[in-house]
Amino acid sequence: MVVVFPLLALLLSAHPTSSGIPQGSFEQIAKRADAARAADRMEDAIGLYTAGVRLRPSWSDGWWSLGSLFYDQDRFPEAEAAFKRFVALAPKSGPAYAFLGLCEYETKDYERALQHLQTWSAKGFPGTTDLIDVAVFHWALLLTRKGRFVESLYLLAVEAGKLRGGPALVEAMGLASLRMPNLPEDYPPERREMVWLAGEAALYSALPSNDSDRAAEYARRLLFHYDHEPNVHYFRGTVLNFERKSAEAEEEFRQELQISPRHVPAMVELARLNLSHDQTAEALSFAKSAAEIEPKNPEAHHMLGRVLLTTKQLPESARELETAKQLAPDVASIRYHLARAYAALGRAKEADREVAAYHVLRDKQQVLAPPQEKLGALRKPTEPPE
């Protein structure tokens, strides 16, 4: 992690301009700083704002201006220090969290970057269109790094619809599609072609025009060259599933298990498909295996709870869904199924509590919903009304 506070001390102790420390009252210096910035005299503005925050450390506008000026010059450690001071003084200012997260990404403080970008998203994605695009893209990269591939892909799919592609977006989508917990700068170069092919297939599937022919062509090339690589068949299955080609998707997921017998996401998807076709015995087998292999995977417990709910094993269903809730308390669909389990058990107050939680979380979760759920493809007739 980059040490910010020594940088901040250096910033405040350095001479702001080559001619020395600006003289005058705080009000005079602040006015001169704003004038210098308006005239694009950036180094003078930095010196004057630095002098201003030294005279008045609570000057939030000065810290914001310093952070912005340093950010524009790619001086990310100094920008990070300034934005940290700004958000401490003005914690309700949402765009600053995006800038702070982007600076921390550049200084390789990835955990804090993810935390601050999530804070920014919780505040409603405030900022200009350019800031939103850059911040969402980097947030998605960090989610991929954390292994949160579905969330990352949804965010990248949103960007695909807006930006219509580009090498950086293709690479990011390829990494998330192949479930590689890497950033673009830190995965083996010999895997770049595989990542590129998966990214192109994912991109054309995600575009509003949904160019399925081009997506299928890239997917075929991916399978031709990398048929035995882990996650390739799983990725192909997710694309087919999104296109509602469930039989072909099921075959791909089964092929993935031939290559990776402990591939939990493939097991969860097969359980989901089995459940939709009323094949509850195999669905239960896949879901149980997934939860046993990855006991801290909320979706595995969620799926097992759903299968048990369908087969009327109500106490067991509630326990699995409660585990899923503990592991992922902000996932609306878990709360919905838990509410159904409680209602079936006659636990009306608890069911009402979970329905209320579902409604609170549903709108907040839309940006993170898998594309199928976002489009309503997986909505059930018995789901609570809008």
> Hey, got the dipole for segment 274-343? About the Cα centre, +1 on K and R Cβ, -1 on D and E Cβ, debye to the nearest 20?
Replying inline: 220
> What does the charge dipole of segment 128-254 about its Cα centre add up to, to the nearest 20 debye, if the Cβ of each Lys and Arg holds +1 and the Cβ of each Asp and Glu holds -1?
Replying inline: 200
> If contacts are Cα pairs under 8 angstrom and at least 6 residues apart, what is the relative contact order of the chain in percent?
Replying inline: 7
> Which residue, chosen from ALA39, SER121, SER260, occupies the Cα position most advanced towards the positive end of the dipole of the chain, where the dipole is computed from +1 (Lys, Arg) and -1 (Asp, Glu) charges on Cβ about the Cα centre?
Replying inline: SER121
>> Give me the extension gain from GLN73 to PHE26: residue separation times 0.36 nm, minus the current Cα-Cα distance, reported in nm with one decimal.
In response: 14.4 nm
> Among TYR187, LEU207, MET303, whose Cα lies farthest out toward the positive end of the dipole of the chain, if unit charges sit on the beta carbon of Lys, Arg (+1) and Asp, Glu (-1)?
Replying inline: MET303
> Which one of GLY161, ALA351, SER68 has its Cα pushed farthest toward the positive end of the charge dipole of the chain, where Lys and Arg give +1 and Asp and Glu give -1 at the Cβ?
Replying inline: ALA351
> Using the alpha-carbon centroid of each, what span in Å lies between segment 103-117 and segment 39-97?
Replying inline: 18
> What is the dipole size for the chain, taken about its Cα centre, with +1 at each Lys and Arg Cβ and -1 at each Asp and Glu Cβ, in debye to the nearest 20?
Replying inline: 1100
>> I need the fraction of alpha carbon pairs in segment 128-254 separated by more than 20 Å, rounded to a whole percent.
In response: 38
>> Restricted to Cα positions, what overall size does the chain have along the principal axes? Three whole-Å values, descending.
In response: 80, 55, 34
>> Using DSSP H assignments, which helices in the chain have an axial alpha-carbon span of 30 Å or above and a mean Kyte-Doolittle hydropathy of -1.0 or higher?
In response: none
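Bear in mind that the values in this text are calculations on the coordinates, not laboratory data. What you are looking at is a predicted structure, and each value in this text was computed from that prediction instead of being measured. All Cβ positions, even for glycine, are placed from backbone atoms using ideal geometry, and neighbour counts span all protein chains on display.
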